[in-house]
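Read through the structure below, which is laid out as structure tokens, and then see the notes.
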Amino acid sequence: MKKILILCTGNSCRSQMVEACLRSLIVDSKYTIFSAGLEAHGINPYMKKAMEKVGYSLEGHTSNQMVEYKDIMFDVVITVCDHANEHCPYFKNTHNRIHHSFEDPAKAQGTDEEKIVVYERVRDEIIDYCAKLTLDL
């Protein structure tokens, strides 16, 4: 079974979105998909709302730290922010490392409506990216 890890800074937004997208696209039982952060900041409610708006469930998702997975040999590690890519101490020897940096929607400013627009834009970028990524896995 192949193991895929999606890694970002806090495992609250971007890595959670990529995990949900990949799980919906890769229904093949040959893959197990995990996500983690350098830290664990909890599940972001704006992200959850943006994902649920287009039918993705985050049921059972938890915010995890990469240290929890340091002893697992991953086939693919995907970093989704520059900070995680630069500060990832455990998975340097993974044979297939992929990096694609997405804007951090948690930094969105303004009203709730203005913030959700940013989350939805990043979500849509992630959905498009994951659709292309699955062709290479």
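The values are calculated or read from the model by the stated rules, or taken from the named source; none is laboratory data. This one's a predicted model, so the numbers in the text were calculated from it and none came from an experiment. All Cβ positions, even for glycine, are placed from backbone atoms using ideal geometry, and neighbour counts span all protein chains on display. Only protein heavy atoms, including side chains, enter the accessible area calculation; ligands, DNA and RNA are left aside. Shrake-Rupley method; radii C 1.70, N 1.55, O 1.52, S 1.80 Å.
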- [ ] Compare the Cα positions of Gln109, Thr134, Val122 along the charge dipole of the range 95-137 (+1 at Cβ of Lys, Arg; -1 at Cβ of Asp, Glu; about the Cα centre) and return the one farthest towards the positive end.
- [x] Thr134
Task: All aspartates and glutamates inside 18 Å of Lys49 as judged from Cα atoms, apart from same-chain residues fewer than 8 positions distant - done: Glu19, Glu59, Glu103, Asp104, Asp112, Glu113, Glu114, Glu120, Asp124, Glu125
- [ ] Only Lys, Arg, Asp and Glu count, each charged at its Cβ (+1, +1, -1, -1), so figure out the dipole size of the chain about its Cα centre, rounded to 20 debye.
- [x] 320
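Full extension from Met1 to Gln109: what is 0.36 nm times the residue separation minus their Cα-Cα distance, to one decimal in nm?
Length difference between fully extended and current span is 34.7 nm.
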- [ ] Would you mind checking Lys3/Lys53; Lys48/Lys132; Lys3/Lys115; Lys70/Lys115; Lys2/Lys48 for any pair whose Cα atoms are more than 31 angstrom apart?
- [x] Lys3/Lys115; Lys70/Lys115
Task: Label-point separation, Glu59 to His41 (7 Å along Cα→Cβ), nm - done: 2.7
- [ ] May I ask you to derive the relative contact order of the chain, considering only C-alpha pairs under 8 Å and at least 6 residues apart, and to give it as an integer percent?
- [x] 29
- [ ] For the chain, with all protein chains present and a 1.4 Å probe, just round the carbon and sulfur fraction of the accessible area to a whole percent.
- [x] 49
Open item on the list: Compute and list, largest first, the equivalent-ellipsoid semi-axes of the chain from the alpha carbon gyration tensor, each √(5λ) rounded to a whole angstrom.
Closed with: 23, 17, 13
Open item on the list: Bin width 10 Å, origin at 0, all Cα-Cα pairs of the range 1-62: what percent of pairs per bin?
Closed with: 23, 54, 22, 0
TODO: Keeping all protein chains in place, calculate the accessible area per residue for the chain (probe 1.4 angstrom), answer in Å².
DONE: 53
Task: Whether the range 97-137 is rounded, prolate or oblate, judged on the alpha carbon gyration tensor where a/c under 1.5 counts as rounded - done: oblate
